[in-house]
Amino acid sequence: MKKIFLDANIIIDYLDASSSDHSTAVDCMRIIRKHFGKPIVSPITFIITDFLLGEFVKNKDWHKKQMQLAFSAFKITDVKASYIKEIFKTHFVDLEDGLQHQCAVHAKAFVIITKDIKDYFDSKIPAVHPIDFVVRYKKILL
C-alpha cells in the first residue's frame with residue numbers, strides 16, 4: 001500500500017475547524033484513510049500541533065487526551081539525528097520542511113501533501129498541494 005505523508009500544515013487545518021482550509025484537509029483524510037490506510041506524520045508534526053493548538057487550551061489534561069486521540073489516527077515516522085545532517089546536503093532553506101522531508105524519505109512515502117509546495121522544489125518525493133490531491137483522487141476513487 002502506498003504511504004501518504006502529511007505535512008504539519010495539513011494536520012493543523014484538519015484539527016482546526018475554524019481554518020479556511022479545514023474542509024480540504026478533511027477531504028484529504030477521508031480519501032487517504034479509505035484508499036491508502038493510515039496517513040504518515042512525523043514527530044515534528046506532533047510537536048508543532050501540540051504547541052499551536054495547546055496555546056488556546058486551559059485544560060491541559062483534556063488537551064493531552066485530544067492529542068492522543070487525534071494522533072492515534074496516524075503512523076508516526078522515526079526521526080534521527082542523522083536526518084538533521086542530511087538536511088544540510090539538500091536545497092531546503094526552510095529547515096523544518098527539510099526535516100519533514102527527511103522523515104518522509106526514510107518512511108518511504110509515495111507522496112507528501114503540503115501547502116508549502118515551493119519549499120519542496122528539490123524533494124525526492126512528489127509534493128502535492130491538498131487541493132490538487134483532493135481534485136485528482138475524488139475523480140478517480142470516489
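The values are calculated or read from the model by the stated rules, or taken from the named source; none is laboratory data. Just so it is clear, the structure is predicted and the values come from calculations on it, not from any experiment. As a convention, Cβ positions derive from the backbone with ideal geometry for all residues, glycine included, and neighbour counts pool all protein chains shown.
Things worth noting here:
- In the stretch 77-89, the condition of being assigned to a strand (DSSP E or B), surrounded by 15 or more Cβ atoms within 10 Å (Cβ to Cβ) and modelled with pLDDT of 95 or more is met by no residue.
- Among the residues of the stretch 1-14, those that are surrounded by fewer than 20 Cβ atoms within 10 Å (Cβ to Cβ) and not in a helix (DSSP H, G or I) comprise Met1, Lys2, Lys3.
- Pick from the stretch 54-76, criterion part of a loop (DSSP other than H, G, I, E, B) and surrounded by 10 or more Cβ atoms within 10 Å (Cβ to Cβ), ranking: nearest to the chain's Cα centre (by Cα): Phe74
- Of all the residues in the stretch 15-51, those that are in a strand (DSSP E or B) and free of Cβ contacts under 8 Å to residues at least 60 places away in the same chain number 1.
- Residues in the stretch 105-142 that are surrounded by fewer than 20 Cβ atoms within 10 Å (Cβ to Cβ), among the hydrophobic types (A, V, I, L, M, F, W, C) and part of a loop (DSSP other than H, G, I, E, B): Ala107, Phe110, Phe121, Ile125, Leu142.
- Residues that are in contact (Cβ under 8 Å) with a residue 40 or more places away in the chain, farther than 12 Å from Phe5 by Cα and not acidic (Asp, Glu) within the stretch 95-132 comprise Leu99, Lys115, Ile131, listed in sequence order.
- Filtered residues of the stretch 32-49 (kept if surrounded by 15 or more Cβ atoms within 10 Å (Cβ to Cβ) and not hydrophobic (A, V, I, L, M, F, W, C)): Lys38, Pro39, Ser42, Thr45, Thr49
- Near pairs, Cβ below 6 angstrom, 6+ apart or cross-chain, from the stretch 52-65 (free of Cβ contacts under 8 Å to residues at least 60 places away in the same chain) to any residue that is surrounded by 10 or more Cβ atoms within 10 Å (Cβ to Cβ) and in a loop (DSSP other than H, G, I, E, B): His63/Val57
- Selected residue (criterion: farthest from Ala73 (Cα to Cα)) from residues of the stretch 15-25 that are surrounded by 17 or more Cβ atoms within 10 Å (Cβ to Cβ) and at pLDDT 95 or above: Asp21
- Meets criteria (buried (at least 16 other Cβ atoms within 10 Å of the Cβ) and either aliphatic (A, V, I, L, M) or assigned to a helix (DSSP H, G or I) (or both)) for Asp97: yes
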